[in-house]
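The values are calculated or read from the model by the stated rules, or taken from the named source; none is laboratory data. On a predicted model such as this, the values are computed, not experimentally measured, just so you know. Backbone-built Cβ (ideal geometry, glycine too); neighbour counts: all protein chains shown.
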Amino acid sequence: MKNRMRWVFILFLGLARLAAQPRELTLEDAVLNRYGTLAPEELEQLQWLPVGAAYSYVKGDRFIKADVRGRKTVLFDLEALRALLQAEDLNHFPKLSWVDGNRLACIHRGKRLMIDAGATKTLNEIPLPQAGENLDFCPANHTYAFTEANNLYIRNKEGTKAITEDPDAAHVYGQSVSRHEFGISAGTFWSPQGRYLAFYRKDESRVRDYPLVDYMTREAEPESIKYPMAGMSSEQLRIGVYDTGTGQTNYLQTQGGAEDYLTNISWSPDGKYIFVQELNRAQNHMELNQFNAATGAFVKTLFGERHHTYVEPLHPLVFSEKHPHIFYFLSNRDGYHHVYKYDTNGRLRKQLTRGNWAVNDILGLDKSGHSLFVEATRASPLERQVYRVNTTTGALRRLTRKPGTHRAELSADGKYFIDHYQDTEVPNVVNLFTTDGKLVRNLLTAKDNAADYAFGEDKLVKIPAADGETTLYGRLILPPDFTPARKYPVIVYVYGGPHSQLVRRTWKNNALWWQYYMAQKGYIAFTLDNRGTSYRGRAFETVIHRRLGQVETADQMAGIDYLRSLPYIDAERIGVYGWSYGGFMTLNLMLRHPEVFKVGVAGGPVVDWKMYEVMYGERYMDTPQENPGGYQNSSMLSLVSHLSGRLLLISGVQDSTVVMQHTMQFLRCAIRAGKQVDLFVYPTQPHNVRGEDRVQLMETVSRYFEEHL
């Protein structure tokens with residue numbers, strides 16, 4: 001009996017030890033579950049009410065309202081909502097948004113419903129258009145703007161009205177323009193009181209049709225898109241204003257050329273004026289212009305900005321509720337993104353923030369208009385902290401203290417903010433603060449849902465750039481069983497282009513979890529943010545102007561020099577992987593330094609900027625006619641003969657961002673140069689491969705490194 005008990009104990013101990021072993025990431029964990037079961041816990045549908053300082057959230061099957069003192073009220077549960085909506089199959093809350101302090105809105109079964117805060121009755125419902133896209137609801141007049149095909153409509157309880165009825169498909173109304181550059185993400189803009197609807201009109205008649213092909217039909221069918229390439233004819237924009245009172249549409253009398261950009265549409269608080277940042281096609285001169293909403297007439301130019309590289313307006317104006325003639329403007333005119341206080345006469349009242357750091361976002365103002373709240377990199381380029389700025393003196397006060405990344409939401413009364421906070425080992429903490437920086441209470445400290453998995457050590461490193469003066473930030477991920485006595489192969493994950501920052505103090509240092517997956521297989525994973533990436537100031541970002549790929553490659557090679565200085569790096573086994581601009585950078589590294597890189601995977605790569613879109617390409621390269629040498633030096637086609645290592649190209653056949661022409665021309669050059677290149681295509685995927693196909697994609701990438709590195 002004693003021997004039997006002894007063996008049972010040994011078996012139990014062995015099972016316990018086995019259970020305590022860290023789990024290994026699967027590819028599904030790294031690609032899909034990272035944003036699913038392994039994602040940090042959140043307070044579901046956490047939001048401020050549009051009045052006062054109460055907030056609401058979903059917990060389990062209850063919709064809860066809370067005040068800043070911590071008093072909670074269950075407004076309704078899922079069963080009550082099922083009964084109200086007559087939906088027995090409703091197993092989770094639809095997205096709920098507050099209309100005011102007493103009413104909520106949601107979309108259910110093709111209708112927009114407004115319900116009372118107790119979910120006891122329906123107050124209003126509007127059927128949604130079945131074929132409608134780009135839905136834009138105005139709470140002030142309970143009306144939807146939406147598009148069907150190329151035209152614009154509005155819909156409310158009374159029915160549907162066509163705002164435009166243009167049979168020419170080359171004329172597009174109410175949709176986002178300029179290929180979503182310059183912060184443009186929408187095509188319609190309601191005035192604050194709901195009287196007017198401003199909208200884009202895009203004329204693409206001078207842009208040639210570009211062929212994509214659908215291979216999934218019985219016979220392959222062409223699907224043409226409009227794709228203006230650098231140096232070629234571009235779209236032409238106008239801004240229309242529909243008056244719901246008169247039923248008339250007027251167009252703004254914009255001041256620039258036919259192919260200029262009309263960006264960051266902003267309404268005055270009283271809804272009488274529209275402000276537009278007009279940018280010339282060369283993207284080196286912006287004017288902030290004011291227009292009469294009722295007539296479309298040009299009123300005045302408030303100010304302009306010029307720069308010999310480029311001007312890139314990204315933010316609409318932020319008006320003061322207390323002082324409606326005052327607005328706040330984000331610009332990097334002094335070298336970093338900072339806040340400028342203006343009045344509507346165009347007079348600069350004060351530059352409110354300054355220094356070698358950037359304001360990333362304006363969160364809002366308090367009710368008095370005396371304090372402005374911003375997120376900024378003042379503590380470190382790798383962090384985001386929340387600050388309070390005195391709108392008279394510019395005095396700055398830091399409100400969040402813990403290092404890492406803070407994302408804040410201001411209450412309607414401007415007295416509190418909810419802070420979402422992450423750091424390298426902090427998955428998610430949600431706190432409630434006063435706008436004086438006093439912690440009121442913790443709302444959530446998320447557990448680490450990936451705590452049972454084996455992650456290698458993740459180190460942030462500083463590396464001198466190729467200029468010998470600038471500091472760059474990198475991330476080094478070691479295998480979980482790392483020992484410095486071994487020599488490890490390296491996979492460099494690269495992007496390196498504008499509007500990016502891959503290395504930051506968030507949970508797991510912002511790493512792509514596939515990097516942890518490969519570290520688990522015995523690779524060291526490395527990423528570096530080179531010059532040309534964001535949040536480090538104008539000089540840092542614009543050094544790449546007219547010569548894409550050259551400074552970035554030099555900085556990435558400074559990162560390689562750092563790696564080769566480490567005793568545990570196998571310098572004979574270095575690989576590189578990147579997508580889009582990262583695919584372009586992968587080719588730069590493989591072809592400019594063939595002696596260094598043994599294996600590369602380039603996804604959706606730009607190979608020649610002459611074949612890329614006007615808006616992005618001309619900002620950084622000017623036109624091919626103006627900068628022929630820059631385009632030639634940045635083209636990968638002339639460097640194909642340098643290829644030495646194994647290279648895999650991956651493209652989506654339906655890619656309308658980096659069209660597959662890039663890959664095809666690269667392959668043709670490789671054939672002529674007698675170079676072997678591997679290819680994998682996704683027949684139904686656009687630029688970014690999503691869903692289950694993405695797991696297959698990363699399996700393909702992983703296997704390529706396993707086989708050749």
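Can you spot a residue in the range 606-627 that is over 29 Å from ASP260 (Cβ atoms), at pLDDT 95 or above, small (Gly, Ala, Ser) and not assigned by TED's automatic domain parsing to the domain that holds HIS307?
Checked against the condition, which is being over 29 Å from ASP260 (Cβ atoms), at pLDDT 95 or above, small (Gly, Ala, Ser) and not assigned by TED's automatic domain parsing to the domain that holds HIS307, the range 606-627 yields no hits at all.
Which of (1) farther than 18 Å from PHE63 by Cα; (2) touching a helix residue (DSSP H, G or I) at 6+ places or on another chain (Cβ under 6 Å) does ASP136 not meet, given it meets every other one?
That leaves (2) as the condition not met.
How about the range 61-91: which of its residues are at pLDDT 95 or above, in contact with a helix residue (DSSP H, G or I) (Cβ under 9 Å, 6 or more places away or on another chain) and not hydrophobic (A, V, I, L, M, F, W, C)?
ASP61, ARG62, listed by residue number.
Yes or no: SER266 surrounded by fewer than 16 Cβ atoms within 10 Å (Cβ to Cβ) and either β-branched (Val, Ile, Thr) or at pLDDT 95 or above (or both)?
It is false that SER266 is surrounded by fewer than 16 Cβ atoms within 10 Å (Cβ to Cβ) and either β-branched (Val, Ile, Thr) or at pLDDT 95 or above (or both).
Please report, ordered by residue number, the strands (runs of 3 or more DSSP E) entirely within the range 367-420 with at least 3 residues that are at pLDDT 95 or above and more than 24 Å from the chain's Cα centre (by Cα).
385-390, 396-398
Got a sec? Which of LEU476, LEU460, LEU444 is in contact with a Leu (Cβ under 6 Å, 6 or more places away or on another chain) and assigned to a strand (DSSP E or B)?
LEU444
Within the range 632-644, is even one residue over 23 Å from ILE671 (Cα atoms) and out of contact with any Leu (no Cβ under 6 Å at 6 or more places or on another chain)? Reasoning before the result, please.
Residues of the range 632-644 over 23 Å from ILE671 (Cα atoms): none.
Within the range 632-644, none of the residues are over 23 Å from ILE671 (Cα atoms) and out of contact with any Leu (no Cβ under 6 Å at 6 or more places or on another chain).
List pairs: first residue in the range 54-77 and free of Cβ contacts under 8 Å to residues at least 40 places away in the same chain, second residue crowded, with 16+ Cβ neighbours inside 10 Å and of a type in the set (Ser, Thr, Tyr) anywhere in the structure, Cβ distance under 7 angstrom, at least six positions apart or on different chains.
ILE64/SER56; ILE64/TYR57; ALA66/TYR55
Within the bounds of the range 560-577, is there any residue that is more than 17 Å from TYR704 (Cα to Cα) and touching a Gly at 6+ places or on another chain (Cβ under 6 Å)?
No, that holds for no residue.
Applying the selection to the range 330-360, what residues are part of a strand (DSSP E or B), free of Cβ contacts under 8 Å to residues at least 24 places away in the same chain and within 26 Å of the chain's Cα centre (by Cα)? Spell out the reasoning first.
Applying the first criterion (part of a strand (DSSP E or B)) to the range 330-360 yields 330-331, 338-343, 348-351, 359-360.
Narrowing further to those that are free of Cβ contacts under 8 Å to residues at least 24 places away in the same chain: 338, 340, 343, 349.
Answer for the range 330-360, where residues must be part of a strand (DSSP E or B), free of Cβ contacts under 8 Å to residues at least 24 places away in the same chain and within 26 Å of the chain's Cα centre (by Cα): HIS338, TYR340.
Pull up the range 148-160, narrow it to residues that are in contact (Cβ under 8 Å) with a residue 24 or more places away in the chain and among the charged types (D, E, K, R), then point me to the one that is surrounded by the fewest Cβ atoms within 10 Å (Cβ to Cβ).
Only one residue fits best here, namely LYS157.
Using the structure shown, decide if GLY674 is in contact with a strand residue (DSSP E or B) (Cβ under 6 Å, 6 or more places away or on another chain) and either buried (at least 21 other Cβ atoms within 10 Å of the Cβ) or part of a loop (DSSP other than H, G, I, E, B) (or both).
Answer is no for this residue.
Wholly within the range 86-147, which strands (runs of 3 or more DSSP E) include no fewer than the required count, namely at least 1 residues that are surrounded by 13 or more Cβ atoms within 10 Å (Cβ to Cβ) and not assigned by TED's automatic domain parsing to the domain that holds HIS180?
Fully inside the range 86-147 and qualifying: 103-108, 111-116, 122-127.
Residue by residue through the range 224-253, note down the ones that are closer than 30 Å to VAL659 by Cβ, in contact (Cβ under 8 Å) with a residue 40 or more places away in the chain and of a type in the set (Ser, Thr, Tyr).
TYR227, SER234, listed by residue number.
When you go through GLU148, GLU133, GLU165 one by one, which is the residue that is acidic (Asp, Glu) and over 30 Å from PRO313 (Cα atoms)? Explain how you work it out, then say what you get.
Numbers: GLU148 fails: over 30 Å from PRO313 (Cα atoms); GLU133 fails: over 30 Å from PRO313 (Cα atoms).
Of GLU148, GLU133, GLU165, the one residue that is acidic (Asp, Glu) and over 30 Å from PRO313 (Cα atoms) is GLU165.
Name the residues in the range 449-478 that are among the acidic types (Asp, Glu) and either buried (at least 16 other Cβ atoms within 10 Å of the Cβ) or within 30 Å of TYR562 (Cα to Cα) (or both), would you?
Within the range 449-478, GLU457, ASP458, ASP467, GLU469 qualify.
Output the residues belonging to the range 300-317 that are assigned to a strand (DSSP E or B) and in contact with an Asp or Glu (Cβ under 6 Å, 6 or more places away or on another chain).
Answer for the range 300-317, where residues must be assigned to a strand (DSSP E or B) and in contact with an Asp or Glu (Cβ under 6 Å, 6 or more places away or on another chain): THR301, GLY304.
Applying the selection to the range 393-411, what residues are touching a residue at least 24 places away in the same chain (Cβ under 8 Å) and of a type in the set (Ser, Thr, Tyr)?
The answer is THR400, THR405, SER411.
How many of the residues in the range 654-690 are under 22 Å from THR217 (Cα atoms) and touching a Ser or Thr at 6+ places or on another chain (Cβ under 7 Å)?
The qualifying residues number 6.
Would you check which residues across the range 677-709 are among the aromatic types (Phe, Trp, Tyr) and either part of a helix (DSSP H, G or I) or not assigned by TED's automatic domain parsing to the domain that holds VAL576 (or both) and list them? First the steps, then the outcome.
Going residue by residue through the range 677-709, those that are among the aromatic types (Phe, Trp, Tyr) are 680, 682, 704-705.
The answer is TYR704, PHE705.
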